[in-house]
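Enquirer: Once you've had a glance at the structure underneath, I'll fire off some questions.
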Amino acid sequence: GITYALQDIANIDQVIYRKIYLSYLDRLIYLYIQKRNYRLAYNYVEAKVHLIDTNNRDEVNRWHLEMAYIYGEMYQKSEALTKFEAILENMPNEEILSHALSNMTKIYIDAKMTSEAEKTLSQCLEVTHDDEGRLYCDYLYALIFALRGKWRHAFELFKGIFLHGIKD
């Protein structure tokens, strides 16, 4: 995977074949994230910023989302939140908004900021329509309930998540 992608990307003219080059960068970013090599993923996301169309909100928001995810995985939570805020200010589509809000919620939960977590999770539920996204929201609510010592509510949500996974 990575070796072939690196060989191919080295032979592509970035200007003439911008979209193809961007797709290779996306593939490398994904592969390095999967391998948990966030530093190399970060380098490719940084390279990507110079090639995206800054007038295309979706491209800009996806770039912020990638950066936020990598920052979060590198334990730079405040930088991740800054990128998520940039997405919120840039009128994202519902899918990107859902990802941004759910990831913000997780950061707030990790920081034990339950009020902020509930606020972003509530906003997330308004724009999350797919089953997997809703299930993740249930998981986040269970974590919030656990942080607040509401063990019965947390247990019921975890049980529902577990049973949903068995059905699939």
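FYI, it's all coordinate maths here, none of it is from the lab. No experiment lies behind these values; they were computed from the predicted model shown. Quick reminder, even Gly has a Cβ in these numbers, built from the backbone with ideal geometry, and neighbours come from all protein chains shown.
Enquirer: Go through region 111-143 and give me each residue that's out of contact with any helix residue (DSSP H, G or I) (no Cβ under 7 Å at 6 or more places or on another chain), in a helix (DSSP H, G or I) and closer than 23 Å to Glu95 by Cα.
Expert: Correct list: Lys119, Ser122, Glu126, Asp131, Glu132, Arg134.
Yes/no per residue for (1) crowded, with 18+ Cβ neighbours inside 10 Å; (2) assigned to a helix (DSSP H, G or I); (3) among the charged types (D, E, K, R):
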{"site": "Phe145", "(1), (2), (3)": "yes, yes, no"}
{"site": "Gly149", "(1), (2), (3)": "no, no, no"}
{"site": "Ala154", "(1), (2), (3)": "yes, yes, no"}
{"site": "Gly160", "(1), (2), (3)": "no, yes, no"}
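Enquirer: Determine, yes or no, whether Glu66 is more than 13 Å from the chain's Cα centre (by Cα), part of a helix (DSSP H, G or I) and not hydrophobic (A, V, I, L, M, F, W, C).
Expert: No.
Enquirer: Same structure again: Name the residue, out of Glu89, Glu95, that is touching a helix residue (DSSP H, G or I) at 6+ places or on another chain (Cβ under 9 Å) and at negative phi.
Expert: Within the list Glu89, Glu95, the selection yields Glu95.
Enquirer: Let me ask something else about it. Kindly provide the set of residues from region 108-127 that are of a type in the set (D, E, K, R) and either under 16 Å from Ser98 (Cα atoms) or touching a Gly at 6+ places or on another chain (Cβ under 8 Å) (or both), ordered by number.
Expert: Glu116, Glu118, Lys119, Glu126
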